[in-house]
Amino acid sequence: MAEQQGREPECPVCWNPFNNTFHTPKMLDCCHSFCVECLAHLSLVTPARRRLLCPLCRQPTVLASGQPVTDLPTDTALLTLLRLEPHHVILEGHQLCLKDQPKSRYFLRQPRVYTLDLGPEPGGQTGSPQDVGPAPRSLPIPVPSHYSLRECFRNPQFRIFAYLMAVILSVTLLLIFSIFWTKQFLWGVG
């Protein structure tokens, strides 16, 4: 593989470098590693979805009933080599989903959800096969969220920020008025 040539390790099917999102390295029973996106595509087009054939050596990997390819073991040695922590990617229908929850020491943060569409159902195409070109490469897209003011106040991090700003503003105004009042009181006496 590519790591022997001094480059980043990459999936031998799509040649994309491994990462900890949709190109997470998953190991088959034969110990070959492929990105979860390629294995998900492979599982969707394989007639027997419970049985995956390794693209390199053709050794079968049997999945338990109802087990998605995302539950295959992650190649943690490869992620350690890349200095990455594994994320939990799930397969829902024809989409890979990743819920990224940023770690914060003091505040709760809203998780970001990324999805990757794997394409239509096999046999569900309306056009002829020769009309279909290569699918454009899609990047993880965060699920859009349009915040109204009411939704912002539901966010505990925003609420704490708003309360702190109100306290800082109140203390600042109190200091300014107390300084002016003290100056007028002392100058008015003398």
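Coordinate-derived values only; no laboratory data. In this text, all values refer to a predicted model and were calculated from it rather than measured experimentally. Neighbour counts are summed over all protein chains in view; Cβ atoms, including those assigned to glycine, are modelled from backbone coordinates with ideal geometry.
Could you size up the charge dipole of the stretch 1-90 around its Cα centre, putting +1 on the beta carbon of Lys and Arg and -1 on that of Asp and Glu, and report it in debye to the nearest 20? Before the final figure, lay out each step's value.
On the way: 7 positive and 8 negative charges, 66 e Å.
With only Lys, Arg, Asp and Glu charged at Cβ, the dipole is about 320 debye.
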Compute the distance in nm between two label points, each set 7 Å from the Cα along the Cα-to-Cβ direction, one at Val113 and one at Ser170. 3.7
³J(HN,Hα) across the stretch 70-86 via Karplus (A = 6.51, B = -1.76, C = 1.60, θ = phi - 60°), whole Hz, x for Gly/Pro? 5, 8, 5, x, 7, 7, 5, 5, 5, 5, 5, 4, 7, 6, 10, 9, x
Pull up all non-local amide H partners of Cys54: gap of 5 or more, or a different chain, and H-to-H distance under 5 Å with H placed in the peptide plane. Gln59, Thr61
Return the distance in nm (one decimal) between the two label points of a simple spin-label model at Ser178 and Arg159, each offset 7 Å from Cα along Cα→Cβ. 2.9
With labels modelled as points extended 7 Å from the Cα through the Cβ direction, what inter-label distance (nm, one decimal) is found for Gln95 paired with Arg7? 3.3
What are the ³J(HN,Hα) values, in whole Hz, obtained from phi via the Karplus relation 6.51 cos²θ - 1.76 cosθ + 1.60 with θ = phi - 60°, for each residue of the stretch 56-62 in sequence order, with x given for Gly and Pro? 9, 10, 6, 6, x, 10, 8
